[in-house]
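Notes follow the structure.
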Amino acid sequence: MADYKLYCFGESGNAYKVALMLELCRLGWEPVKVEFFAGETRGEAYRKDINEMGEAPVLVHGAKRLAQSGVILDYLAEQTRKFGAKSDDERREMWRWILFDNHKFTSYFASYRFMKAFGATAPDAAVMAWLRGRLDNAFGIVEKHLTATPFMVGKAPTIADFSLSGYLFYPTEESGYEFVGRFPHIGAWLDRLRTLPGWASPYDVLPGERVPPKW
Ligand SMILES: N[C@@H](CCC(=O)N[C@@H](CS)C(=O)NCC(=O)O)C(=O)O
């Protein structure tokens, strides 16, 4: 039996951040597919038994059950002593970027992509324009940071890189947000991450049939 169980599904970039870390650290893990599009995370059973926050990913390791990709990444870095901080200052830097990611980078990008690719109704133009403005700003901030450093924190990849980059490895046609041409340092950073031994793309490591983009 695998040491780690990850509640996840193919389209979840937040789950992919964790799956990527598990792959890069060569840890034995097995996916438990969450039927997100059938409403599983909104159901009482999921919220009672798996995650009161009604979200994927959730990582199970022995008696531990952890939610929030940033916390899970931190736990895995602690377990493996890989891709973590080398000092207290680095740890604060990592968390500064993970919090920025969760609030303003992944969250706007994931919402934009969800509405564009998987929403039940066609995306509302005004909402998309607002989100696009927020995205342009957040991407601009990460782009500027990456002009001076190869990875988000210091010279080596850390979990902050996996948190911020997770969603950007999905096919661009899902979000319709073309960023590589507009933000070349982000593009080069993703290429650097792709060369890490064990790197694999989202749909190669996460379970389930791919859902074609709708809109
Ligand atoms: N900050 C959380 C976000 C998790 C999250 O939003 N997961 C999505 C799937 S990618 C989800 O389960 N959403 C359910 C919902 O918002 O109702 C993390 O990093 O784990």
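Taking the condition of being over 14 Å from residue 186 (Cα atoms) and either at pLDDT below 95 or more than 19 Å from the chain's Cα centre (by Cα) (or both), how many residues in segment 133-150 meet it?
The total comes to 1.
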Q: Pull up segment 3-21, narrow it to residues that are aromatic (Phe, Trp, Tyr) and within 14 Å of residue 166 (Cα to Cα), then point me to the one that is farthest from the chain's Cα centre (by Cα).
A: 9
Q. If you check 126, 122, 117, which single one turns out to be in contact with a helix residue (DSSP H, G or I) (Cβ under 6 Å, 6 or more places away or on another chain) and among the small types (Gly, Ala, Ser)?
A. 117
Q: Write out, first by first residue and then by second, each pair whose Cβ atoms fall under 6 Å of each other, whose residues are 6+ apart or on separate chains, and whose first residue, in segment 113-142, is of a type in the set (Lys, Arg) while the second is buried (at least 19 other Cβ atoms within 10 Å of the Cβ).
A: 113/174; 113/175; 116/175; 134/108
Q: Scan the strands (runs of 3 or more DSSP E) fully inside segment 1-85 and keep the ones with 1 or more residues being free of Cβ contacts under 8 Å to residues at least 24 places away in the same chain and surrounded by fewer than 21 Cβ atoms within 10 Å (Cβ to Cβ).
A: 64-67
Q. Taking residue 96, is it farther than 24 Å from residue 198 by Cβ and away from the ligand (no atom under 15 Å from the Cβ)?
A. yes
Q: Taking only segment 63-107 into account, find how many residues are closer than 15 Å to residue 20 by Cα and among the aromatic types (Phe, Trp, Tyr).
A: 2
Q. Residues 39, 13, 54, 43: which one is touching a Lys or Arg at 6+ places or on another chain (Cβ under 6 Å) and either hydroxyl-bearing (Ser, Thr, Tyr) or within 12 Å of the ligand (Cβ to nearest atom) (or both)?
A. 54
Q: Scan segment 206-215 and give yes if some residue there is modelled with pLDDT of 95 or more, of a type in the set (Asp, Glu) and exposed (fewer than 14 other Cβ atoms within 10 Å of the Cβ), otherwise no.
A: no
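Quick grid of which residues meet (1) surrounded by fewer than 20 Cβ atoms within 10 Å (Cβ to Cβ); (2) out of contact with any strand residue (DSSP E or B) (no Cβ under 6 Å at 6 or more places or on another chain); (3) more than 21 Å from residue 36 (Cβ to Cβ); (4) small (Gly, Ala, Ser):
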{"site": "99", "(1), (2), (3), (4)": "yes, yes, yes, no"}
{"site": "102", "(1), (2), (3), (4)": "yes, yes, no, no"}
{"site": "109", "(1), (2), (3), (4)": "no, yes, no, no"}
{"site": "114", "(1), (2), (3), (4)": "yes, yes, no, no"}
{"site": "142", "(1), (2), (3), (4)": "no, yes, yes, no"}
{"site": "153", "(1), (2), (3), (4)": "no, yes, yes, no"}
{"site": "173", "(1), (2), (3), (4)": "yes, yes, no, no"}
{"site": "182", "(1), (2), (3), (4)": "yes, yes, yes, no"}
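The values are calculated or read from the model by the stated rules, or taken from the named source; none is laboratory data. This is a predicted model, so every value here is computed, not measured. When we count neighbours, we look across all protein chains shown, and the Cβ atoms used for this are built from the backbone with ideal geometry, even at glycine.
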